[in-house]
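Participant: Please read through the structure below; I'll follow up with questions.
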Amino acid sequence: MSTDCLFCKIARGEIPAPFLYEDEQVVAFRDIEPQAPQHILIIPRQHIRTTLDLSSVDNALVGHIYQVASQLARQLGFAEDGFRIVNNCNESGGQVVWHLHFHLLAGRQMGWPPG
Ligand code: 5GP
Ligand code: ZN
């Protein structure tokens, strides 16, 4: 836990963000500045700064996040159309919030290569 981390505060319910999914390990909520018709963030409750801070003990957590993403995609009705899961790591990767998060994007055709 980090007291001044934005996503820790969201996970603890101190900053309002209606959860689309929550359990003891992760929470999912809509991005405040959506880049697609569906833009959801899935984060661990645990404060992990970046992908580089993951270790083998977190393997199940990351797998779980992908399961939650698939579950949300089915529930929200865009699983068959398709979606994109993005994790930005460090400056050049485009990371601006220093708490591990996975973007779940859908509802439009995604471009490739990504920007
Ligand atoms: P990053 O660039 O670090 O991968 O993504 C951070 C994301 O967090 C951005 O898409 C940004 O719009 C989102 N974000 C930043 N502050 C807030 C907030 O207070 N609430 C929500 N729901 N999303 C936020
Ligand atoms: Zn945090």
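Bear in mind these aren't lab numbers, they're just calculated from the coordinates by the rules spelled out. Note that the structure is a prediction, hence the values are computed from the model and not measured. We place every Cβ from the backbone using ideal geometry, glycine too, and count neighbours over all the protein chains shown.
Participant: Is there any pair with a first residue in the range 26-54 that is in contact (Cβ under 8 Å) with a residue 12 or more places away in the chain and away from ligand 2 (no atom under 16 Å from the Cβ) and a second that is assigned to a strand (DSSP E or B) and hydroxyl-bearing (Ser, Thr, Tyr) whose Cβ atoms are under 9 Å apart and which are 6 or more apart or on different chains, and what are they?
Facilitator: Final answer for the pair search is 40/21.
Participant: Quick check on this structure: which one of 34, 18, 44 is within 17 Å of residue 88 (Cβ to Cβ) and either among the small types (Gly, Ala, Ser) or within 11 Å of ligand 1 (Cβ to nearest atom) (or both)?
Facilitator: Working: 18 fails: within 17 Å of residue 88 (Cβ to Cβ); 44 fails: either among the small types (Gly, Ala, Ser) or within 11 Å of ligand 1 (Cβ to nearest atom) (or both).
So the residue among 34, 18, 44 that is within 17 Å of residue 88 (Cβ to Cβ) and either among the small types (Gly, Ala, Ser) or within 11 Å of ligand 1 (Cβ to nearest atom) (or both) is 34.
Participant: Okay, moving on. Looking only at the range 40-61, which residues are exposed (fewer than 15 other Cβ atoms within 10 Å of the Cβ) and among the hydroxyl-bearing types (Ser, Thr, Tyr)?
Facilitator: 55, 56, listed by residue number.
Participant: Same structure again: Looking at (1) within 14 Å of ligand 1 (Cβ to nearest atom); (2) in contact with a Cys (Cβ under 8 Å, 6 or more places away or on another chain); (3) of a type outside the set (A, V, I, L, M); (4) farther than 27 Å from residue 115 by Cα, can you tell me which one residue 2 breaks?
Facilitator: Among (1) within 14 Å of ligand 1 (Cβ to nearest atom); (2) in contact with a Cys (Cβ under 8 Å, 6 or more places away or on another chain); (3) of a type outside the set (A, V, I, L, M); (4) farther than 27 Å from residue 115 by Cα, the lone unmet condition for residue 2 is (1).
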